[in-house]
Structure formats: C-alpha cells, structure tokens
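Written below as structure tokens is the structure these notes are about.
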Number of protein chains: 2
Amino acid sequence: MTINSPKGFRSSGVAAGIKENGNKDVTLVVNDGPLDVAAGVFTRNKVKAAPVLWSQQVLATGRVKAVVLNSGGANACTGQEGFQDTHATAEHVAATLGIGAIDVAVCSTGLIGARLPMDKLRAGVTAAAARLADTEEAGVDAATAVMTTDSVPKHAESVQDGWALGGFAKGAGMCAPNMATMLAVITTDAVLDRSGLDAALRAAVNVTFNALDVDGGTSTNDTVLLLCSGASGREVPVEEFTDKLTGLCRDLVAQLQADAEGVTKHVTITVRGAVSDAEAATTARTVARDNLCKTAFFGSDPNWGRIAMAVGNAPVGFDPAKLDITINGVVVCAAGAAGEDRSKADLSGRDITVEIDLHAGPGNATVLTTDLSHGYVEENSAYSS
Amino acid sequence: MTINSPKGFRSSGVAAGIKENGNKDVTLVVNDGPLDVAAGVFTRNKVKAAPVLWSQQVLATGRVKAVVLNSGGANACTGQEGFQDTHATAEHVAATLGIGAIDVAVCSTGLIGARLPMDKLRAGVTAAAARLADTEEAGVDAATAVMTTDSVPKHAESVQDGWALGGFAKGAGMCAPNMATMLAVITTDAVLDRSGLDAALRAAVNVTFNALDVDGGTSTNDTVLLLCSGASGREVPVEEFTDKLTGLCRDLVAQLQADAEGVTKHVTITVRGAVSDAEAATTARTVARDNLCKTAFFGSDPNWGRIAMAVGNAPVGFDPAKLDITINGVVVCAAGAAGEDRSKADLSGRDITVEIDLHAGPGNATVLTTDLSHGYVEENSAYSS
C-alpha cells in the first residue's frame, strides 16, 4: 500500500529535529532503476519556493534518481540564500548516495518565510540514507515524515498484472492545486519513455489533484513527482498507464479531501451546461470557495440561494432564468426559482453533492471541496502554519 | 444624524410581520421635492433580485419620488411571480401616496429564493405611509427596518452651510460590493441635475462601498440610491458635492465593516506599485478573500507567508523577488524574503493595516476587510440567511 509497492524503489523517513514536536520530518525516496525516467508538475503560484525552482531544473532533464522531502519549513520567500540551501541539500543527498546533484529533486513543506536549519537537515539526510529500505514500513515512514497539519499519512497503490504504481501525498490546507497540488510522489516499475510518462502525469493530475479545492489557496510549494524504475520490465501502453495512474491519484485526492483541515463534509460540486469545460470549472470553483456556501454546508443547510448568489458571481455566461440547482438529488432550484421543497434535501450526512446546470452549452466540470467549520478556523488561527 | 437630515424628506419604518421575530421590516422614504432627481447603482451579480430589475427601470428615468424597502426576504430567484410581487408593491406605494408606480424604487433583503408574503407587505406599506415623518426618530425607524444580521442601524449625515446629506445602509455578510453594495439610501437637499448626481454617486461608491470586501459574496440585491429634493435651494458644484458625498459613504462603509458578521478585526489592505490601479485592487481583494490570511488576522498572527502566498495567486504581474509586505508598520517581508522580526508586529488590537508593494508600476488600491472568526462560522451555519 506504499510508495515501495513497485519494484526498484527504496524509501525512509526520519526525525531530524526540524519540527519542534520531534515528529519525523525528512523523507528520502530512491529509484534504483534500471530506468530513471521522471515527470513532474509544479505550483502555478507566482511566488515559488526554492525547492520548486530547483526541482523544475531537475525535471527539465526528464530524469530523477532520488527525491528528498522535508516538513517543518517550506523554504519559500527565503531569497537567494534559501535557493542555496536547497542546492546544498541536493548536493548532500548526491554525495551520500553517490549520484549527481542534478539527479536529486527536492520538496519542502511547512511555514513560509523561514530558513531551514541546514545542520539538522544534513544530519537527517545522512540518517535517512542509512535507513533506506524497500519494505512497507519504510514506505509508511516516508509518507509520515512529510505530514504537516495532516492527521494521517496518505498512501495508495495500484497493482496490475506484472507491474505496479505506488504513491504518497500530503496536504490539508492551503490546498487549491493549480496544475499540481500539495507534495505527492508516485512510483512505478512499468517501462515508459519520458514523453509517455509526462503525458500520463499531466492528464491524471488535471482530473484529480487539480479538481480539489479546500480553501482556494494554491501553495508556494505544490509538487507532484512521478518516478519510473522500469524494474518490472513490462512495457505498458500510455493509455492503460494513464488510466491506472488516474485511479491512483483519485485515491490520494480522496484521502486529502477526507483529512482537510476542520472538515466535517465532503462536497462534490458538478457544473453542467456551461459554455465550455473551463467555464464549468470556474463556476464550480467559485461555489467551492464561497464562505457562505461553505458555512451552509457545515450547518447541513440546503441554502440554494447562496449557491445561486455564488454562481451569479462567477465570470461565466449563462441565463439566470434557466439555472437549475440540485442538492443531494433534490431539485431545489428549477429555472432560476424555487423548485422542490428544500427541506427534502437531507444534508445531515458526511457527503454532499451539488449539481448545477447552467443550460448554456456543453461544458462540464467537477470540483471536490469541504465545508468551512469551527475546526478550520481553530486550526488556522491558533498557531502559525 | 439620519436620512431625514436634509430638507424635503420623510421616512418611516414599521413591523409588518414579514420577519418571524416581529422586528421592524418595512421602510418607506419619500422625497417631497421640489426636485425628484435620483441616481442609483446596482449589483453586478448576474443573478439579480426582482427589486433590482424593477428599480433599474425606475432609475432609467432619472427620477425617484419614493423608495420602499423590506427585510425578511430578498425576493431573489423568485421568477416572474417575484417580479410581479415587486411591481405590485410599487403600485401599492404609488396608490397610497398618490404618485406613479414608475416613481417608486423597491429594495428587498433577506433569504434568497422565497416569495414575499404580499398581504403582510401591503399592510406594512399602508402602516408605514401613515407614520411618515421628517423627524430623527422616523429616520432611525427607517434604518432599523432594513436590518438583517446587522446588530445596529447605520446612519450618517453631512451638514454643510445651507445644505445637507443624510443616509442609511445595511449589510453585514454576503458583502463584496461590485459597483454597488448592500442596501443604502442617501438623501440630499442640494440642487443638482441628473448627470451631476449620477457622476457624483458613481465616483463616491467606487472608492467607498466598492472598497469593502467582507466575504467575497456580491449579493443579488445590492443597491445604493441617492435622492435629491433640492429643498435647500442651494446649487452645489459637482466636485464639492462629490467630496462631501464620498465622506458620507466612507462613514457608512466604516459602520458596515465594524458590524460585519463575527468581526473581531478591521483590516485595511493597501497595495502599491501594481501595474495598474485595477491590478492593485485585484491583489488587495485576493488577500482580503483568502481564508488563511483571514484566520491569521483572527489569531493576531503576523503570518506574512500566507499573504505572500495569496499575492502570488492574484492574476497580476510582479516579480516575487521584489515583494515587500508591511504589517502594522513593521516591514516583515522585504524583497521577497523575511525582513524585520515578525514578532515586532503587534496585531493584538482591533485595527490591522497591511501594505503590499509589488514594485511593478504606479497602481494603487485599498480594500477594507475583516477577519474570519468562529463568530462568522457560527452566524452563517447556525441558521439560513
């Protein structure tokens, strides 16, 4: 069930003292090959963390032999010194493993704006390298050491006939992926070339990680990496691989949604009948980010008027007199006015589905979101994160 | 201190039983002239309430003799029947006052999606007409009967040498004015023509109501009306009038901000150095709407990394390596990295100022917002509004 499920990978996770609470905070993932093909997608936030800038250079080669990840600090907004810290981290991993620094991707997560304690990080890398293993326990350690406000590690695997996918992800807040999401590393022992791997990752991320919007905050550090060892010897067609990869990503995203900060509701917003898929996504995201809609979800209140208000604020084309809104199967708004009695829509359970039909064209999109609860406010106001 | 401060106006506010709690819910404002010039700005939400659609037709004439406002129901998303309800309300006011229905603007506020109880509303209009007076008490009644989640009525006046302005406003949530805001009615006894009145209102609203963003939710009912009786006989130059009107609007907006749902912090976000004023406003609004920034404000936490994250998500041009962020006078982020020790920024008080310099151009803008507190979540999840 871990990143070590495919053949050709070893991992570890250790406590290096970067986190003040003493929890694990340094992860190492190593691809032992024979292949070292890789693909990656990164945050579209203009303010990019140093490890994102570094890893974009690494991925430009299409190859990755190792990934080092730390929690306890995002190394974002840390200037040239922060970039040098990332570079030094990659150099230390490379020297320890006997590879080149350009083969080492780096990911960081935690508070923005603070430098990393490099002595502790270097010692952590050395300790992590000594514990590298291809066991399930080592996979769990790897997924655990990247956690910040996550309450549980998030893993997934997808085992096929003769080849496999594995992966972990972290992220619970500042979570509105844009062509990438929170930190995630995915492994496979299938045999694919660089272009196939890249196409598969972009296609899968677009319909999975990019469809999650917890709080509208695309982070400075979002990264999804896909490492390919080829150790199974199985050549897999790109279509089949993309299908399985999408399923694995969907599994990880469901775990992210379930563990979002303060979450009490899992909300799926589907928009149909938009002028285009892009306008459908914009509409769904506008509803997903509206605090009045999110607090109504928290209150188990089928307050479709707030949804109509949010839809009307989306920069998309539609006729308000044709707007339909269905909540948990009940058509509460039909043709822009009250439909069935909204009290029929029972929102007391954990899952809420909102279906919006704009009747303006063929565009469709689905966005996953959460409610806005006291727990979210508590978690994000009580301390810096 | 009320809408009755200028000469030529009478008002009233009564309880008609539209609100279940028995509070006042119908307001009438009458312009006795000699002039009946008027200007209005309305919500840009595509989903417009019936009274907005009606009042836009009334204001197209440039004249208003009376305004009827109700709380307890927004009459939005109510279809053709809802529009007929608004029309019938205007007809009833007109018959009662002996004027034409096209002289009567209508405003509604409350839950979206429900029809208004027309029998109660008609009886309320009749009762309100019987209580019309030019007293301060009648002005307070008028401002009180439009309240929804507001905790206090909001008035302002601006008395000049020989002429005056008065006004009230309501609004505490679903508050992100876009070319208009919550319900507000402003009166003056100065003498101005239609084009001067219209230009003054648009200029004043643009820098006052439109600079407030409580929760990003532009409502379906936003309306600001400006009624001119000319009863002072004083012709006032448009520039001078605009200046005084802007001051009055600023006063009302400060009261809206102070009474926002769950507010514990008054946050002023100023963006300088943007490519344009529009991009500055977009940047300020992106920060104002970011829940991670808003919860940090609630927690009195000078977490500038969240502000940098939000700025990086705004669709505007800038170089992250030049970004400066100042919180309550402390330059916590300089040239994209940590500046002065952020613990120097004391956010324990009620007022928080955030200054962001993008160093990309001459554009400036200021947006007023609030924090995201447990009170906001409680107020918006515990019952439908």
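The values are calculated or read from the model by the stated rules, or taken from the named source; none is laboratory data. Not measured: the values here are computed from a predicted model. Quick reminder, even Gly has a Cβ in these numbers, built from the backbone with ideal geometry, and neighbours come from all protein chains shown. Surface areas here come from the heavy atoms of the whole protein model, side chains and all, with no ligands, DNA or RNA. Shrake-Rupley method; radii C 1.70, N 1.55, O 1.52, S 1.80 Å.
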Considering only chain B, percent of DSSP beta bridges that pair antiparallel, nearest 5: 70
Go ahead and estimate [θ] at 222 nm for the protein assembly as shown from helices alone: -39,500 (n - 2.57) per DSSP H run with n ≥ 4, summed, over the residue count, rounded to 500. -10000 deg cm²/dmol
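What is the average number of partner chain Cβ atoms found within 10 Å of a Cβ in A:69-78?
3
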HN-Hα couplings for region A:42-49 via Karplus (6.51, -1.76, 1.60; θ = phi - 60°), in whole Hz with x for Gly/Pro, come out as 9, 3, 9, 4, 5, 8, 9, 5
Principal-axis tilt of helix B:50-59 within chain B, Cα atoms, nearest 10 degrees: 80
By how many degrees, between 0 and 90 and to the nearest 10, does the Cα long axis of helix A:118-130 differ from the longest principal axis of chain A? 80
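Rounded to the nearest 100 Å², what's the accessible area chains B and A bury against each other, both chains counted, probe 1.4 Å?
On the way: alone 14580 and 14550 Å², together 25110 Å².
In total, this chain pair buries about 4000 Å².
Around B:G247, with a cut-off of 12 angstrom between Cβ atoms, what is the net charge of the other residues, counting Lys and Arg +1 and Asp and Glu -1? Let's see the in-between values first.
Working: positive: B:K244, B:R250; negative: B:E157, B:E240, B:D243, B:D251.
Computed value for this residue: -2.
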From phi via Karplus (6.51, -1.76, 1.60), per-residue ³J(HN,Hα) for region B:232-237 in Hz, x at Gly/Pro: 7, x, 8, 7, 10, x
Measure out, as a whole number of angstrom, how far apart the alpha-carbon centroids of region B:306-321 and region A:285-332 sit. 28
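Express the carbon and sulfur contribution to the solvent-accessible surface of chain B as a percent, rounded to the nearest whole number, probe 1.4 angstrom.
Numbers: 6290 of 12570 Å².
The value for chain B is 50 percent carbon and sulfur by accessible area.
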Can you pull the accessible area of B:R194 for me, 1.4 Å probe, Å² to the nearest 10? 110
Using modelled amide H (1.01 Å from N, peptide plane; none on Pro or chain starts), what sits under 5 Å from the amide H of A:T370, excluding residues fewer than 5 places away? A:V267
Sequence of A:K294, B:K19 when ordered by accessible area, the most exposed leading, probe 1.4 angstrom: B:K19, A:K294
So the FRET efficiency between A:V152 and B:F83, C-beta based with R0 = 51 Å and rounded to 0.05, is 0.45
Rank B:V205, B:V367, B:V330 by mean-square fluctuation in a GNM of chain B with C-alpha springs under 10 angstrom and give only the top-ranked residue. B:V330
Measure of exposure for B:E240: accessible area at 1.4 Å probe, Å² rounded to 10, is 80
How high is the relative contact order of region A:9-258, given as a whole-number percent (alpha carbon pairs under 8 Å, six or more residues apart)? 26
Please work out how much accessible surface A:L97 shows to a 1.4 Å probe, ignoring ligands, DNA and RNA, in Å² rounded to 10. 50
Taking a probe of 1.4 Å, how large is the accessible area per residue of region A:190-306, in Å²? 29
7 Å along Cα→Cβ for the label point: how many nanometres lie between A:P34 and each equivalent label in the other copies, listed shortest first? 10.0
Roughly how many whole Å is it from the C-alpha centroid of region B:337-364 to that of region A:222-245? 45
I want to verify a result. In a Gaussian network model of chain B, Cα cutoff 10 Å, which of these has the top mean-square fluctuation: B:K265, B:K344, B:K24? B:K344
For B:E157, residues with placed amide H under 5 Å, excluding near neighbours: none
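Sort B:123-134, A:215-226, B:276-287 for me by packing, meaning the mean count of neighbouring Cβ atoms within 10 Å per residue, highest on top.
Working: B:123-134: 18.8, A:215-226: 27.2, B:276-287: 21.5.
Descending mean neighbour count gives A:215-226, B:276-287, B:123-134.
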About its Cα centre, chain A carries a charge dipole, from +1 on Lys and Arg Cβ atoms and -1 on Asp and Glu Cβ atoms, whose size in debye to the nearest 20 is 640
Need the full-extension length gain, B:R234 to B:V207, defined as separation in residues times 0.36 nm minus the C-alpha distance. One decimal, nm. 7.1 nm
If Lys and Arg each add +1 and Asp and Glu each add -1, what is the summed charge of the other residues whose beta carbon sits under 14 Å from the beta carbon of B:G82? 0
When chain A is treated as a Gaussian network with springs between alpha carbons less than 10 Å apart, the largest mean-square fluctuation among A:I352, A:I99, A:I327 is found at A:I99
What ranking of A:M147, B:M1 comes out by heavy-atom accessible area, probe 1.4 Å, highest first? B:M1, A:M147
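Could you work out, residue by residue across A:300-306, how many beta carbons of other chains sit within 10 Å of that residue's beta carbon, and then give the average as an integer?
Details: counts 1, 6, 1, 8, 3, 14, 9.
The mean count of partner-chain Cβ atoms within 10 Å per residue comes to 6.
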If one takes the longest principal axis of the Cα atoms in chain B, at what angle in degrees, from 0 to 90 and to the nearest 10, does the Cα axis of helix B:194-207 lie? 30
Take the alpha-carbon centre of region A:1-77, take the same for region B:90-130, and report the distance between them in whole Å. 64
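Between B:T353 and B:K322, take the C-beta separation as r, use R0 = 30 Å, and let me know the FRET efficiency to the nearest 0.05. Walk me through the intermediate numbers first.
On the way: r = 21 Å, r/R0 = 0.69.
FRET efficiency, B:T353 to B:K322: 0.90.
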Where Rh denotes the Kirkwood radius from the mean inverse Cα pair distance, what is Rg over Rh for the protein assembly as shown? 1.04
Shielding of B:215-224 by other chains, given as the mean Cβ count within 10 Å, works out to 4
Sorting A:V146, A:L116, A:A156 by the position of each Cα along the dipole of region A:115-210 (Lys, Arg +1; Asp, Glu -1; all at Cβ), the one nearest the positive end of that ordering is A:L116
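Just by accessible area at a 1.4 angstrom probe, what is the order of A:S108, B:S5 from largest to smallest? Can you show the working numbers first?
Numbers: A:S108 0, B:S5 40 Å².
From most accessible down to least: B:S5, A:S108.
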